[in-house]
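Asker: What follows is a single structure, and I will ask about it in a moment.
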Amino acid sequence: MRSIYNCHLEDEKHANLADGISVQSFASGELEYEESVVSQVDSLVSNLINRRDANSVRLILAFIILLVGGTGSTVLMKLQAIALHNYPNFTNIFSCFLFIPLCFMYIIPMIHFGKSITSEQRSISKHHFAIMGALDCISTLMQLFSAVYLPGPLLVLLPQICIPLSMLFSRKLLNKKYRRIQYIGSFVVVVGIFVVLEPELSHRHAPDFICEAINLENDCSICQFEETEDGCLSHRSNANANLQDVFILRLTRMTNDTSSRGDRLCSWIPESTATSERWLTLSWSVVMILSCIPLTLSTIYKEIMLSSEDKGVDAIYLNGWVVLFQTTYAAILAAPAGMTLSPPVYPHDLLANLYDGWKCYYSGIGSITTGCHPDHCAEAAFYFNMCMVFSVIYLLSLMAVIQWGSASLSFLATTLMVPLVNLAFCVMGTPFHSSDLIGLFVILGGLLIYGLPKNGKMRGEQDQHDAVVSMAIASNDDVSHLSEPLLGEQTSAYI
């Protein structure tokens, strides 16, 4: 009996030992499983953090590049306008023409080998593209011609009128609604523009006397930069003029004895009697402001085409057709546009003017050596090409900021460009009056008020149209409107 009992105890002992091993194995397996899950979660979180950090870094880089590209393209547009002052028609047609092969280098392969340009997109009536091309052509023509005669800071301040215009047209055509703070911001922008233009209306910054060439055709470039009476009257066809001659010339001017001008080249006359156009800056400022109307309408038209669910269009495909029509319209409008220049280019001189523009760009050879604005072709190609490069950089970085960040972030970037561009022109020596500084701060304040976040959060997709319009007017170079609104809208529509 004892042996049987002992055997039973041994069996229970072995059984309990086996159960303990199985429980221990299960607990150990469960622990390993939990450690594995925790490890995977830690790995996932680590990857997300690293990915977020990487996105943040590239977003910051894209934001900085956007500021540099937008500021550079605006400054270079003015430098290009100075170098090619007598050939804005050439600049307009040539810059549009260059975008045709750039766009179709993408379009043609994508049609045959890609999927982004569908048969439905290709079947869209081309009259839509023709309308957008006409609007873009008119706005570009007005902006390029204005850039020739306007000081640099106005090139970035005046186009901010696009914001209230965008609100007006979007409300009428798209039934968009805006917050009260946005109306206040747009009103402040308009006030700032009036502050900037007030000196042109009152003419209070104009000097009392100016130096004007007696023979404008031959001597204008000699006299126009003189700011003192002695310097003005010192220019003589006889290089041996002395102080006594200058005294005699002053006495002649005081007695209005025009018969005794002698061999002087310049006259020191009251600004109000000058034969030069007093209202040149003001008139071209109005043209720049009016150019924002077709620009805004074109942006709204593109928004409809790009965001429509049944007619969504690839942005570059749309761009290619728009710029094709735009180039055609630019060639047609070149003749009447040339007659608005100072001095005018009449239709029978248009082809010669275009050829001279090409020589100035390609060979650096100037054809106009007299008048108030002789050619300065030595750096024409450099400024033109750099303006195109910075415009492309601006467009690509703009698309990246919207893709990796938001439209509101791109709006902030374009707002920051306003003071940066003005600072750049100020460093370059452009005269900067107190009214310009006040107008800058008023416009900048209006932009910041307009872009204030809603309920403490950045504005969402419903306000992307407004941000896109602000992008379109932040860098008003000769090609900016061709792609800026499109790329912004294309990104918001398809991402």
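The values are calculated or read from the model by the stated rules, or taken from the named source; none is laboratory data. The structure presented is a predicted model; accordingly, all values stated were derived computationally and were not measured. Counting neighbours? That spans all protein chains shown, and the Cβs are built from the backbone with ideal geometry, glycine included. Side chains included, ligands, DNA and RNA excluded: accessible areas come from the protein's heavy atoms. Shrake-Rupley method; radii C 1.70, N 1.55, O 1.52, S 1.80 Å.
Asker: Somewhere in the range 182-197, is a residue buried (at least 23 other Cβ atoms within 10 Å of the Cβ) and closer than 30 Å to ARG264 by Cβ?
Answerer: No; the residues of the range 182-197 include none that is buried (at least 23 other Cβ atoms within 10 Å of the Cβ) and closer than 30 Å to ARG264 by Cβ.
Asker: Another question, if that's okay. Only residues in the range 149-160 that are over 14 Å from ILE438 (Cα atoms) count as the first member; pair them with residues that are open to solvent by 10 Å² or more (accessible area, probe 1.4 Å) and part of a loop (DSSP other than H, G, I, E, B), Cβ under 7 angstrom, at least 6 apart or cross-chain, and list the lot.
Answerer: These pairs meet every condition: PRO151/THR430; GLY152/THR430.
Asker: Right, next: Looking only at the range 121-143, count how many residues are open to solvent by 10 Å² or more (accessible area, probe 1.4 Å) and part of a helix (DSSP H, G or I). Show your work before the answer.
Answerer: Looking only at the range 121-143, we keep the residues that are open to solvent by 10 Å² or more (accessible area, probe 1.4 Å), and these are 121-128, 130-131, 134-135, 138, 141-142.
Keeping just the survivors that are part of a helix (DSSP H, G or I) gives 121-122, 127-128, 130-131, 134-135, 138, 141-142.
Total meeting the criteria: 11.
Asker: Just give me the residues in the range 338-358 being open to solvent by 50 Å² or more (accessible area, probe 1.4 Å), within 16 Å of ILE82 (Cα to Cα) and assigned to a helix (DSSP H, G or I), in sequence order.
Answerer: TRP358 - this is the single residue of the range 338-358 that is open to solvent by 50 Å² or more (accessible area, probe 1.4 Å), within 16 Å of ILE82 (Cα to Cα) and assigned to a helix (DSSP H, G or I).
Asker: Among MET77, MET105, MET110, which is among the hydrophobic types (A, V, I, L, M, F, W, C) and surrounded by fewer than 15 Cβ atoms within 10 Å (Cβ to Cβ)? Even if it seems obvious, please write down each step before you answer.
Answerer: Numbers: MET77 fails: surrounded by fewer than 15 Cβ atoms within 10 Å (Cβ to Cβ); MET110 fails: surrounded by fewer than 15 Cβ atoms within 10 Å (Cβ to Cβ).
Result: MET105 is the single residue among MET77, MET105, MET110 that is among the hydrophobic types (A, V, I, L, M, F, W, C) and surrounded by fewer than 15 Cβ atoms within 10 Å (Cβ to Cβ).
Asker: Hey, another quick one. All but one of (1) within 30 Å of LEU440 (Cα to Cα); (2) at pLDDT 90 or above hold for CYS162; state the number of the condition that does not hold.
Answerer: (2)
Asker: Condition test on LEU155, is it closer than 27 Å to VAL191 by Cβ and in a helix (DSSP H, G or I)?
Answerer: Values: closer than 27 Å to VAL191 by Cβ: yes; in a helix (DSSP H, G or I): yes.
Criteria met by LEU155.
Asker: Name the pairs whose Cβ atoms lie under 7 Å apart, with the first residue in the range 58-79 and touching a residue at least 60 places away in the same chain (Cβ under 8 Å), the second of a type in the set (S, T, N, Q) and open to solvent by 20 Å² or more (accessible area, probe 1.4 Å), and 6 or more positions between them or separate chains?
Answerer: Hits for this filter: zero, empty list.
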